[in-house]
Structures are given as C-alpha cells and as structure tokens.
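Some notes on the structure that comes next.
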Amino acid sequence: MRPPQDRINMISKSTRNFNECSVDDVRGGISVIFDMPSCGGCRTCEMACSFKHEEAFVPSRSSIKILDKKDGPGFLVFLVEESGGQEVACDGCLEFGVPLCIQYCRESEELKRIIKEFLERRETQKTYRRRAT
Amino acid sequence: MLKNDPIYAYAGKILRVNLSNGKVSTEPTSRYAREWLGASGIAVKVLYDELRSWVIPYEPANKLIFGAGALLGTTAPGACKSNVSTLGPVTGGWASSCSDSYVGGQLKYAGYDSIIIEGRAHHPVYLWVHDDHIEIRDARHLWGKTTWETLDLIREELRDPSLHAISIGPAGENLVRGACIIQDKGRAFGRCGTGAVMGAKNLKAIVAKGTKAVKVAHPKQFVETVAKIREMFRAVKSVEGMRKYGTLRVLDRKQEICGVNYKNFQECVILEDMLKAIDPRRTIDKYEIAHQSFPGCVIGCSRHLYITEGPYAGLKTECCQLEVLLTLQTRLAIWEPTFMMKANAYCNQMGLDVDAAGGPIGWAMECYQRGILDEKDTDGLRLNWGDAGVALELIRKICYREGFGNILAEGCARAADLIGRGSGYYAMHIKGQDLYEPCRGSLGYCLGTTTSTRGGGHTTGAVPGTGMAPEVKEKVCSIFGVENPYPQVYEDKAKMVTYMEALHRVNNCLGICHMNTIHGDFDQIDLPQLAELYAVATGWDISVFDLKRMAMRQLNLEKAFNLRHTDFTRKDDMPTPRDMQEPIPAGKLAGWKVDEEKFNQMLDEYYDLHGWDRETSFPLRKTLVDLDLEYVAEDLKKIGKLR
C-alpha cells in the first residue's frame, strides 16, 4: 500500500477557498485534499465515518482521513470522492441530519465548510459528466 | 466465557515479545478481560503472577507491559489513554503510568490489546507492529537520539509520515531513575521510571499501525450512549476554559487555596508580581499556533505553541499542563514565563519525567540555599533560585548522569541519602518518588497521594477539586456518599479517596482520560456512565458495584505486589515531615499544616475501609478471600505480611 504522502507529492494544486487538490488515487479511487488549520488531529471523524460504513471502528475504511502536514498549523483532510479499491466514497451522510464526522468534530464549523465544498464539487463533477455523455 | 466466544470492544489478543530470543507469541485477551478489565488491570495480574520475588527492575526477568485501554479504538468519550506497567526502579515496587497515546488505538486496530515485553535485546532495537507483521528492528542508529529525532527517523525509515510511536530518550538509555516514555513528541507515560526499564531492555521505541476493525456488541446502543454522554458536556462550565488553556487555567485558583509549590514547598503561594509575570494564559494567547486533540476527547485541551521572542525564541512545542508549571517553574522560582514550555519540551525530548527533574533540582537548590551544598558539590554551578540556565543545565546533567547530575538522577530521596548532612528533610518524596502534589490544605488530595501504591501521584485516589465551591457541595456529597466534603476537614476523606481509587482505576483500564470524568469537573463522566459504556461495548452485564469490586481487586494486587518487592508499611503512607511540621507561611490558609494525630486517625479509617491492618497496612485474610484472592493471601502469609 503506497503511503498517503506519496499521493500528496503527486498532486497539482488548484487554489480555491481552500488548498483543494484532486488526486487520482493509485488504487482506483479519486480523492480530494483540503487544508484544515484548526484541526487538532484527534481523528475521531475517521472512527465515526468507518462505523457508518462497517458498523465497526476501522479507520482504514473511512471516507475521511486526517494526514499530518510537514509544516504549518492543523492537518490535511483527505476525502474520498469516488470509490475504488479499498476506498469508500463520502456520500455526505445523507441518512443523518448532520454528517457523522461533523457531529464528532470539535472544530465543526470549519469541517462543515470543507464537507459542503466537497459535496458541491462532487455535484458539479456529476453534472459535467452527464453533459459529456 | 467459552474459548471461541467472540469478544467485543477488545482487539482480542495479547502480544508477547521476548527481546532476548526474538520469540513472538500471542494469547487471548479473554483470559483476563472479564476479571481484570484492561490495560493496567491486566498488567497487574500478569506482573503479580509472573514476576518472582527476587526480580529487580533493570534485569531481563522484569517485564514491561504496554496496554491500550479497553475502549480505545472506539468513539467512547475520552477514550485515548494507554498504560505502561512494570516493576519500577523509583519505588522498587508497582510502577504504572498512563498517557494519551495514538499508539494504543493503532495497536487495537492491529489486533492487540496489550504487549508484554520480556527479556533484554542484545543491542538497541525498536518494535514495529503492523497488523500480523511483528518486527524487532535494529535501533543502533537511533540510540542517543532524542524522542523527537527518533519519531522523525522512524517515520522516514518506514516511509509513513503518519506513524505514531512511544519512545525513550537519553534519560531512559542512561537508566536515569525517573526516566519516562514519550508519546510522539509530547505527552508522557511520566511517572515511576518506566523509561529506565525500557532502556534496560535496550528497547528504544514501539511503533504500531493497524487496519483491522474494533467491534462493539450493540452498535446502535453504543452510538446512542456516546451521543448522550457527549451531550452532558454542553452544560459543563469548565469545558470552555479547558479548551483554551488546559489545566493551566486553574493557576489563580491554586494560588487562592495555597496549592502552589514555591521554592520546594517552602511556600504555598507565589508573589502577586510573579503570578502576573508568569500568567500562562497570556503566554498561550501570545504564542498559540494550532490545536491538539486526542481520539474521542470531548474537550480537546491542548495546543501547539511557537515561541517567537525571549530566551527560547524559535521553540515549537506542544503546550504543557499545570504540573510542569508547578513542578519546574514555580518550584524553582523562575520568572521567565516561557521557561515552563522550554523545560517541558526539553524533558520530552530527553525522556525525563518533569517531576524527576523538578524534584531533585528543587531539593538541591534548597540545600544550596541552606549551605548544605556548595559549588564543590555542584560542579561549580551556583544553584540560586530563579536561575533558568542552571535549571536547564542540571536537567541535561541528570539525563546524561554527568557529575552532580549523576546524584540527582537518583531522585531527591536517594540523592539525600547519598549526600547526608541532614538534607533528607528537604527531600520531598512519597515511597522514594519525587513529590509534585502540594499536600497541605487539601486532605483528600493528600491522603490519595500518600497512600498511592505507585508512590505519590494524584491520579490513583487523590480527591480532585482542591477547593470546594459551595455550589457543587450537594453534587459532591451525592457522588461520594458523604456529608462533609470540605478539603480542610479530616472527616469523610477516607471514603472519598476510596471512591476515587475505583474511578481512577476504571478510567485507566478503559482508557478514559481523567479530565473527561469527575476528576476534571464534578458534572462530567462518573462510574454509572462508564458502566453503561462498557456494557454496550462488550455486551457483558456490568454494574457500578462490579466495577468497584474489580478496582479493589486490582488495588489489593498492587498492594501485595509492593509487599512482595519492597518493605513498605504504614510509615510509607504518611505525608512528608515538612507537610506535618511546617504551617503554610502565607496566603488564605496561612498557619495550616497536616495534623499528624488527625491524619493518623484518617489513615486508620482508610485502612478499615480497605480491610487492611491498622498497624502495618497489610491486608487481612478475610479481605483477600472476599475478593477471590485467596492465593494472594497464601503468598503474603509465606512472607509474614498477612494479618
């Protein structure tokens, strides 16, 4: 399994509100990375997300992953956009009023913005693909 | 339970690694879980049963056990603590220390609840646990490195920047008696010298990463219970202050109740000018750059600082907690407000318990003040109060056992024994371990500290809330089942300590951070919530009574362990001579000291509640039989320590 840092090294950055980057995951999924300076790195979101998918705590199957940054405050938030290989896509927890990761996050306002941006981006991508076909 | 029954919440296996011959094996956690709960509870059972009475701390026959709390790896509130237990070099007996640790959670995802380290490696090694792949890797290139360098090098070597490790620094390698184990670059398995035992085994670090699942028995109820408990914290008034400043927020309160250690406990308050100068809230507001939280924690009390000015400009480190402020900054009377950050970072890098730094240095500075020590003893250093440079130099000397540092590396109790000259009075220790806790002014805190089986420490029985605000009195009385909870009153304190002994042990076994429980605020998690969480996670019927009984079994086993390996008796459960002879000089409680006669009566009551002999503190046969520990009674009878 290639460590996440290699994936980050492969990306080309596009700047929007956050340092959002799109990565072709080596194992077939597609993921998006956001910078979250207020994240404390507790990774409770990973546990909660994996529980939703598996009814067990297995962060390796989470749609959200928290990655250490080389420098600067906070952590990177890595969200799986399309499932593939081991990766399970984030669906925004449609069955809950509030996504599980946000429910457990201490800095929920910033994570809320990230999830919102991620979901909007995913909708936009779907629309482009529908028009293309 | 039957051998093939699934086990929930736990990972299911205990890993044994023998560093002498490289042999790795596993055994089922179910062998211990039902009776001993987890982490420190499993450790005391294994250590009591498997260590012979002639084993000494630094030899290969000693065992070091790293255990993840039973609820780690789940979203249980505050479930982030792991434990290291062993036969320790500081007291010579039970040694047990907890810390927030990502490694514990990863260990559970790898499939293990505990690791039992046996033997001694031929040369420095580190342990890499990656699911079913267990590797004892060469650490000769890491030996001599600080814990910070060690983590970075391991991440580079194993090509994963998100790896977490627990490691020792030069202090552990040099068998400094109070050496500790550091989680990543901050947080410590601080007390009892577990780092020295790891160093004696040539074990530099343990790294874990797992991709497996931790399951709970009743998933839906578990999530609902967690949500209900998390909701409780919305009404807790202290959470906001904890989020901003951690335990450093209570310095004002400590000053008010004469709970500040100044000049090695000569004073119990500091000058108002000094209080203003070192106000940690101002330091944090000025230098904070990022948050730091641990898995499941509802509060999130830490942060990272970047010191941009002053003598330590350029330092980037995790912020410390109150203990560092009192044991190093105020104890040594240092006015530079960023000193505690520097000292904390340095102790973390070197793998030295902050109390094993502040304790001996405080003793030495007082001896220097009183003319018991002079420059001939101290390698030419002038041990003046308030000299930060000297304090840091002494920490360095301790970690490398250099010159005078070699004496201080033994802790203040043994250093005083080596020096003599009447210096013993100024060595503030309990059972040989340097004391951090101010024992005058709060009797529940004092009793819980002096009777602690691991030698002082306020996290295995001490009653928190060294002040008692009137508005919480009713709540406190209800929690502890007492009528008089006030800290300066001897009545009812034995009962309160007995309750805290159970709560603290249950927290340690489940891996719940004390600061998410009534230890941090009386409106937070208590034994009923812990029982509920544990029950829905494991699927086992468990009540508060069951938890208390399990905790008392552990306490009695720790006691028996101490009786087998040390000569502790009632005299070792007493406060220091200073606390009993010197009244508090100034402040709101000026004139107050521990009354020896009344303390003895309180201690009698404590022993009665535990079913221990008043004269010696030895357990009574009936007590051990009632706890299904008859075999322990037979062991103690053989060595003449049963009543």
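The values are calculated or read from the model by the stated rules, or taken from the named source; none is laboratory data. It should be emphasised that the depicted structure is a prediction, and the values quoted were computed from it without experimental measurement. Here the Cβ is made from the backbone with ideal geometry for all residues, glycine too, and neighbour counts use every protein chain on show.
Selection of the range B:390-412 for residues being touching a Cys at 6+ places or on another chain (Cβ under 9 Å) and either modelled with pLDDT under 95 or in a loop (DSSP other than H, G, I, E, B) (or both) yields only B:409. Please indicate, with yes or no, whether at least one residue in the range B:299-308 is surrounded by 23 or more Cβ atoms within 10 Å (Cβ to Cβ), without any contact (Cβ under 8 Å) to a residue 24 or more places away in the chain and within 30 Å of residue A:110 (Cα to Cα). No; the residues of the range B:299-308 include none that is surrounded by 23 or more Cβ atoms within 10 Å (Cβ to Cβ), without any contact (Cβ under 8 Å) to a residue 24 or more places away in the chain and within 30 Å of residue A:110 (Cα to Cα). Has the range A:106-115 got at least one residue that is exposed (fewer than 15 other Cβ atoms within 10 Å of the Cβ), closer than 28 Å to residue B:212 by Cβ and modelled with pLDDT under 90? Scanning the range A:106-115, I find no residue that is exposed (fewer than 15 other Cβ atoms within 10 Å of the Cβ), closer than 28 Å to residue B:212 by Cβ and modelled with pLDDT under 90, so the answer is no. Taken across the range B:370-388, residues that are assigned by TED's automatic domain parsing to the domain that holds residue B:262, in contact with a Ser or Thr (Cβ under 8 Å, 6 or more places away or on another chain), more than 27 Å from residue B:312 (Cα to Cα) and touching a residue at least 40 places away in the same chain (Cβ under 8 Å) do occur, with at least one present. Quick one: is residue B:366 assigned to a helix (DSSP H, G or I), surrounded by fewer than 23 Cβ atoms within 10 Å (Cβ to Cβ) and either touching a helix residue (DSSP H, G or I) at 6+ places or on another chain (Cβ under 6 Å) or of a type in the set (Asp, Glu) (or both)? No. Since residue A:41 meets every condition but one in (1) buried (at least 17 other Cβ atoms within 10 Å of the Cβ); (2) at negative phi, which condition does it not meet? The failed condition is (2). Going residue by residue through the range B:563-572, is there one that turns out to be part of a helix (DSSP H, G or I), among the acidic types (Asp, Glu), closer than 29 Å to residue B:36 by Cα and without any contact (Cβ under 8 Å) to a residue 60 or more places away in the chain? Checking the range B:563-572: not a single residue is part of a helix (DSSP H, G or I), among the acidic types (Asp, Glu), closer than 29 Å to residue B:36 by Cα and without any contact (Cβ under 8 Å) to a residue 60 or more places away in the chain. Restricting to the range B:603-629, name every residue that is aromatic (Phe, Trp, Tyr) and either within 22 Å of residue B:480 (Cα to Cα) or in contact with an Asp or Glu (Cβ under 7 Å, 6 or more places away or on another chain) (or both). Answer for the range B:603-629, where residues must be aromatic (Phe, Trp, Tyr) and either within 22 Å of residue B:480 (Cα to Cα) or in contact with an Asp or Glu (Cβ under 7 Å, 6 or more places away or on another chain) (or both): B:606, B:607, B:612.
Each residue in the range B:471-524 was checked for being β-branched (Val, Ile, Thr) and assigned to a helix (DSSP H, G or I), and 6 of them qualify. Residue selection: residue B:208 fails the criterion of being within 14 Å of chain A (Cβ to nearest Cβ), surrounded by fewer than 22 Cβ atoms within 10 Å (Cβ to Cβ) and within 19 Å of residue B:511 (Cα to Cα).
Given the criteria crowded, with 18+ Cβ neighbours inside 10 Å, assigned to a helix (DSSP H, G or I) and either free of Cβ contacts under 8 Å to residues at least 40 places away in the same chain or out of contact with any Ser or Thr (no Cβ under 8 Å at 6 or more places or on another chain) (or both), does residue B:580 qualify? In short, no.
Got a sec? Which of B:502, B:415, B:427 is touching a Lys or Arg at 6+ places or on another chain (Cβ under 6 Å), modelled with pLDDT of 95 or more and either within 26 Å of residue B:84 (Cβ to Cβ) or not aliphatic (A, V, I, L, M) (or both)? From the options B:502, B:415, B:427, the qualifying one is B:502. Of all residues in the range B:550-568, exactly one satisfies the criterion of being in contact with a helix residue (DSSP H, G or I) (Cβ under 9 Å, 6 or more places away or on another chain) and surrounded by fewer than 19 Cβ atoms within 10 Å (Cβ to Cβ), namely B:566. Does the range B:147-169 contain at least one residue that is on the phi > 0 side of the Ramachandran plot, more than 14 Å from chain A (Cβ to nearest Cβ) and modelled with pLDDT of 95 or more? There is no residue in the range B:147-169 that is on the phi > 0 side of the Ramachandran plot, more than 14 Å from chain A (Cβ to nearest Cβ) and modelled with pLDDT of 95 or more.
So that you can scan it fast, the table gives a plain yes or no per residue for (1) crowded, with 23+ Cβ neighbours inside 10 Å; (2) within 14 Å of another protein chain (Cβ to nearest Cβ); (3) touching a Pro at 6+ places or on another chain (Cβ under 7 Å):
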| site | (1), (2), (3) |
| --- | --- |
| B:218 | no, yes, no |
| B:235 | no, no, no |
| B:244 | no, yes, no |
| B:255 | no, no, no |
| B:267 | no, no, yes |
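Is there a residue being within 20 Å of the chain's Cα centre (by Cα) and surrounded by 24 or more Cβ atoms within 10 Å (Cβ to Cβ) anywhere in the range B:282-294? Checked the range B:282-294: at least one residue is within 20 Å of the chain's Cα centre (by Cα) and surrounded by 24 or more Cβ atoms within 10 Å (Cβ to Cβ). The residues of the range A:74-99 that are more than 10 Å from the chain's Cα centre (by Cα) and surrounded by 23 or more Cβ atoms within 10 Å (Cβ to Cβ), listed by number, are A:75, A:99. Exactly one condition in (1) touching a Pro at 6+ places or on another chain (Cβ under 7 Å); (2) part of a strand (DSSP E or B) is false for residue B:58; which is it? Going through the list (1) touching a Pro at 6+ places or on another chain (Cβ under 7 Å); (2) part of a strand (DSSP E or B), residue B:58 breaks only (2). Among the numbered conditions (1) part of a helix (DSSP H, G or I); (2) under 30 Å from residue B:595 (Cα atoms); (3) in contact (Cβ under 8 Å) with a residue 40 or more places away in the chain, the only one that residue B:537 does not meet is (2). For the range B:292-315, taking the residues that are assigned to a strand (DSSP E or B) and either in the same structural domain as residue B:187 (by TED's automatic domain parsing) or among the polar types (S, T, N, Q) (or both), the one that is nearest to residue A:42 (Cα to Cα) is identified as B:292.
This table checks each residue for (1) part of a loop (DSSP other than H, G, I, E, B); (2) modelled with pLDDT of 90 or more; (3) more than 14 Å from every other protein chain (Cβ to nearest Cβ).
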| position | (1), (2), (3) |
| --- | --- |
| A:2 | yes, no, no |
| A:7 | no, no, no |
| A:18 | yes, no, yes |
| A:32 | no, no, yes |
| A:41 | yes, yes, no |
| A:53 | no, yes, no |
| A:80 | no, yes, yes |
| A:97 | yes, no, no |
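Looking at B:448, B:359, which one is crowded, with 24+ Cβ neighbours inside 10 Å, of a type in the set (Gly, Ala, Ser) and assigned by TED's automatic domain parsing to the domain that holds residue B:477? Testing whether each residue is crowded, with 24+ Cβ neighbours inside 10 Å, of a type in the set (Gly, Ala, Ser) and assigned by TED's automatic domain parsing to the domain that holds residue B:477 leaves just B:448. Here B:96, B:40, B:101 are screened, and the one residue that is touching a residue at least 40 places away in the same chain (Cβ under 8 Å), within 13 Å of chain A (Cβ to nearest Cβ) and under 16 Å from the mean Cα position of the chain (by Cα) is B:101. Return yes when residue B:196 is surrounded by 23 or more Cβ atoms within 10 Å (Cβ to Cβ), over 14 Å from residue B:82 (Cα atoms) and not hydroxyl-bearing (Ser, Thr, Tyr) and no when it is not. When the stated conditions are applied, residue B:196 passes them. Restricting the first member to the range B:274-293 and to residues that are acidic (Asp, Glu), and the second to residues that are part of a strand (DSSP E or B) and surrounded by 14 or more Cβ atoms within 10 Å (Cβ to Cβ), the beta-carbon pairs closer than 7 Å and six or more apart or on different chains are B:288/B:303; B:288/B:305. Within the range B:357-413, the set of residues being among the basic types (Lys, Arg) and over 21 Å from residue B:193 (Cα atoms) comprises B:370, B:376, B:382.
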